[in-house]
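A short worksheet on the structure shown next.
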Amino acid sequence: MNKKILISSSIIIILALYIIIANVKRSSDVPDLKKWEGTADEIIITRSGGTIQLLKKEGKWVVGDKAYPADAKAVNEMEKRFKEIHLTDLISTKGYYVKYDLTPDKYVEVIIKKNGAIFRKFKIGKKQSTNRHTFIRIDDRPDIYLAEGTFDLVLDKSPEDFRDKEILKIKPDSVSAFKVDYQGRYFAFSREVEKKSDVKDTGKKTEKRAPKPAEEKWICQGNETVALDKSRVEALLQSLDPLRALSFPEMHKETLTQGMCTVRIKAHQKDILITVYKKDEKYLVTTSESPYIFGVEKWNIEKFFITGLDDLKITAQ
C-alpha cells in the first residue's frame, strides 16, 4: 500500500514539475509588452480595402482626409485595448501565415503613434476557434503570437464607423419651447409655470400658509384649453437626448428637396433648427448644430410627425 502511494506521489510531483517547466519556457518565449507612457495622437488602421487614419487635433480626435469629428469613446477604448494587450503564447517562429490569416491580403495592421514615434505596431490575424484569443504579429517580427481576447474594434471597419454619431444632446428639462411643422400642420409648445395661491380662504378671515412649489406644464398655442401630459411631451423630446446619426451619406445639402418636417427647439439659450427629409424611403436630417447630412432611425424621428394632440393629452383614469 505504501509502495503504491509512493509511486502515485512521484507521478504527481513529476507532472507538477513538467507544468512548471513548460510555463517557464512559454513565458520566456513571450515578450513582455510594457505599456507606453502618455496617450497616442495618431492611429493608422490598414487592411486590403484601404487605410483609416485617426488624428488628434487640438485635443479632439478626427477621422479621414476631411477630418470628420471622431467618436472619442471608441478611439479611447481602442487605444486602451492595445495598450493593455496580453500575449499568452508563442505559436510559430517559422511563418505559416496563411493558416492564421496573417498574410497582407488578410491581416489588419494597426500602428499607434505619438508625435510621429511609433508606440506599437500589430498585425491582427484570425481568431482562435474558441473566439477567446487572436493570432497576431508584433512590429515587423516574423513570430506569430496568441493574444488574449479579440479585436473587433478594428476589424471590418470603415471610416464612417469611427465618426462621432452623437449630433445633438438636448435634455428635455432644458427645453423651454419647441415648434413642429409637419405636412402643413403647425404646433407651438411652451413650458409654463402654474401659479399656486399661498392664501387659504376659510370664510372668516384670510390665513397664510407655506407656499407650494411651482409646478410646470406644457401648453400648445391656440389649444390652451387642452391639458397636455407633461411626461408624454417630454418623452417626445427624449428623442433628442441624444439624437444620433445612423449614417452619413455623401451628398450636399443643396441636392435635398423641401423638408417634410421642421422642428425648432429653444434650449440652452439658443434656437436649434432640425429639418427632416425623405429620400428612398429613408429619413435624412440636417440641423443648425452640424454641417453634415445624416440618416436617422425611423422610429425615433417619426415621433415628431405630429398631426394632432390626442397622443399628448392627459387621459382620464
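Some values worked out for this structure:
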item	result
Residue that is most open to solvent (accessible area, probe 1.4 Å) [pool: residues in the stretch 246-266 that are within 21 Å of Tyr182 (Cα to Cα) and hydrophobic (A, V, I, L, M, F, W, C)]	Met260
Test: Tyr107 is open to solvent by less than 60 Å² (accessible area, probe 1.4 Å) and touching a Gly at 6+ places or on another chain (Cβ under 9 Å)	yes
Scope the stretch 267-284; condition in contact with a helix residue (DSSP H, G or I) (Cβ under 7 Å, 6 or more places away or on another chain) and either charged (D, E, K, R) or open to solvent by 100 Å² or more (accessible area, probe 1.4 Å) (or both); matching residues	His268
All positions within the stretch 36-88 that are surrounded by 16 or more Cβ atoms within 10 Å (Cβ to Cβ), basic (Lys, Arg) and free of Cβ contacts under 8 Å to residues at least 40 places away in the same chain	Lys56
Test for Val180: is it aliphatic (A, V, I, L, M) and modelled with pLDDT under 85	no
Residue within the stretch 231-250 that is β-branched (Val, Ile, Thr) and free of Cβ contacts under 8 Å to residues at least 60 places away in the same chain present	no
Subset of the stretch 152-171 (residues that are open to solvent by less than 60 Å² (accessible area, probe 1.4 Å) and outside any loop (DSSP other than H, G, I, E, B))	Phe162, Arg163, Ile167, Leu168
Among the candidates Ser197, Ser174, residue that is of a type outside the set (Asp, Glu) and at pLDDT below 95	Ser197
Answer residue from the stretch 26-35, given it is open to solvent by less than 70 Å² (accessible area, probe 1.4 Å) and not aliphatic (A, V, I, L, M) and is modelled with the highest pLDDT among those	Pro31
Candidate set: the stretch 36-51, residues that are closer than 19 Å to Leu102 by Cα and in contact with a helix residue (DSSP H, G or I) (Cβ under 9 Å, 6 or more places away or on another chain); chosen: the one modelled with the highest pLDDT	Ile45
Which listed residue is surrounded by fewer than 17 Cβ atoms within 10 Å (Cβ to Cβ), farther than 30 Å from Ala235 by Cβ and over 27 Å from the mean Cα position of the chain (by Cα), from Gly184, Gly149, Gly116	Gly116
Condition broken by Glu302, with the remaining ones in (1) free of Cβ contacts under 8 Å to residues at least 40 places away in the same chain; (2) open to solvent by less than 60 Å² (accessible area, probe 1.4 Å) satisfied	(2)
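Conditions tested, residue by residue: (1) under 18 Å from Glu42 (Cβ atoms); (2) touching a Leu at 6+ places or on another chain (Cβ under 7 Å).
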{"residue": "Val110", "(1), (2)": "yes, no"}
{"residue": "Ala117", "(1), (2)": "yes, no"}
{"residue": "Arg120", "(1), (2)": "yes, no"}
{"residue": "Lys126", "(1), (2)": "no, no"}
{"residue": "Phe135", "(1), (2)": "no, yes"}
{"residue": "Asp140", "(1), (2)": "no, no"}
{"residue": "Ile144", "(1), (2)": "no, yes"}
{"residue": "Leu153", "(1), (2)": "yes, no"}
{"residue": "Asp156", "(1), (2)": "no, no"}
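The values are calculated or read from the model by the stated rules, or taken from the named source; none is laboratory data. Nothing here was measured: the structure is a model prediction, and the numbers come from that model. Using ideal geometry, Cβ is built from the backbone for each residue, glycine included, and neighbour counts are taken over all protein chains shown. Each accessible area value is taken on the protein alone, full model and side chains, heavy atoms only, with ligands, DNA and RNA left out. Shrake-Rupley method; radii C 1.70, N 1.55, O 1.52, S 1.80 Å.
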